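What follows is calculated from the coordinates using simple rules that are stated; it is not laboratory data. Because the structure is predicted, anything quoted here is derived from the model rather than measured. Note that each Cβ is placed from the backbone with ideal geometry, even for glycine, and that neighbours are counted across all protein chains shown.
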Amino acid sequence: MRSPAPQPTHRLIPSRFPPIGLFDTVATVADLEAVMELAEWTNDRLVKERVARLPQSEWVFGRTNSSVVMAAFLHAAPGGARFNGPDLGAWYAAASTVTAIAEVGHHLRREALARGLEGASRTFRSYMARLDGDYRDIRGSEPELHAADSYAAGQSYGETLRATGEDGILYDSVRHRGGTNACAYRPSKVLDVVQAEHFEVSVIVTEKRIEAKQLP
């Protein structure tokens, strides 16, 4: 089954990453390639490889927050995420801010545990976006794709969908009961991206509770 994405969707990004980049400032593909070369933006081997994997028709540029969108695809986590492998990222977002906070809080707690810390805090800025297209809807089904401790099945499933030109996936949040998440595979369909609230998210490794404080 395919469904439209909930509108709007919400994504949290650590505040340490810059909100504006070179994709926001150019008007044509030729200009973008020249600016990337001038800025040595593709010196990072992995980023350069990911740019090559993304069709030029899917590059977004010359509009507000283009760089935020492109960064989601070009700066993938080393081990990938739930529905993408490490070779190319995707735009993950939630149907509500609460779900988005639960997702980043879970990963913040895992990071703190791996570093041997009792807890951790981090500031995030949130983005709202409209996701265009039709999404493969696996909510309420496919338990192996919603596994809490493994992305293996989800990555294989998701990359197969991406290879056939699918827009993305709607799925249940594993970290927030009742929440909905979206994974979008096409940057061109991540639209009307606007920066919203800032939050400080705090976790303690031995507790399930996640604290989120909206910042001025």
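Okay, here's what the table says:
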| quantity | calculated |
| --- | --- |
| Residue match in segment 127-138 (condition: farther than 25 Å from Gly85 by Cα and in contact (Cβ under 8 Å) with a residue 12 or more places away in the chain) | no |
| Residues satisfying the stated conditions in segment 138-183, i.e. among the aliphatic types (A, V, I, L, M), buried (at least 17 other Cβ atoms within 10 Å of the Cβ) and in a helix (DSSP H, G or I) | Leu145, Leu161 |
| Given (1) closer than 18 Å to Val68 by Cα; (2) buried (at least 16 other Cβ atoms within 10 Å of the Cβ), index of the condition His198 fails | (2) |
| Qualifying residues in segment 184-216 (those that are part of a loop (DSSP other than H, G, I, E, B) and touching a helix residue (DSSP H, G or I) at 6+ places or on another chain (Cβ under 7 Å)) - the one farthest from Arg82 (Cα to Cα) | Val205 |
| Output for segment 108-137, where each listed residue is under 16 Å from the mean Cα position of the chain (by Cα) and assigned to a loop (DSSP other than H, G, I, E, B) | Asp132 |
| Residue check, Leu88 of a type in the set (A, V, I, L, M, F, W, C) and under 15 Å from the mean Cα position of the chain (by Cα) | yes |
| Boolean, His176 is in contact with a strand residue (DSSP E or B) (Cβ under 6 Å, 6 or more places away or on another chain) and farther than 29 Å from Leu54 by Cα | no |
| Residue check, Ser57 surrounded by fewer than 21 Cβ atoms within 10 Å (Cβ to Cβ) and more than 23 Å from Arg162 (Cα to Cα) | no |
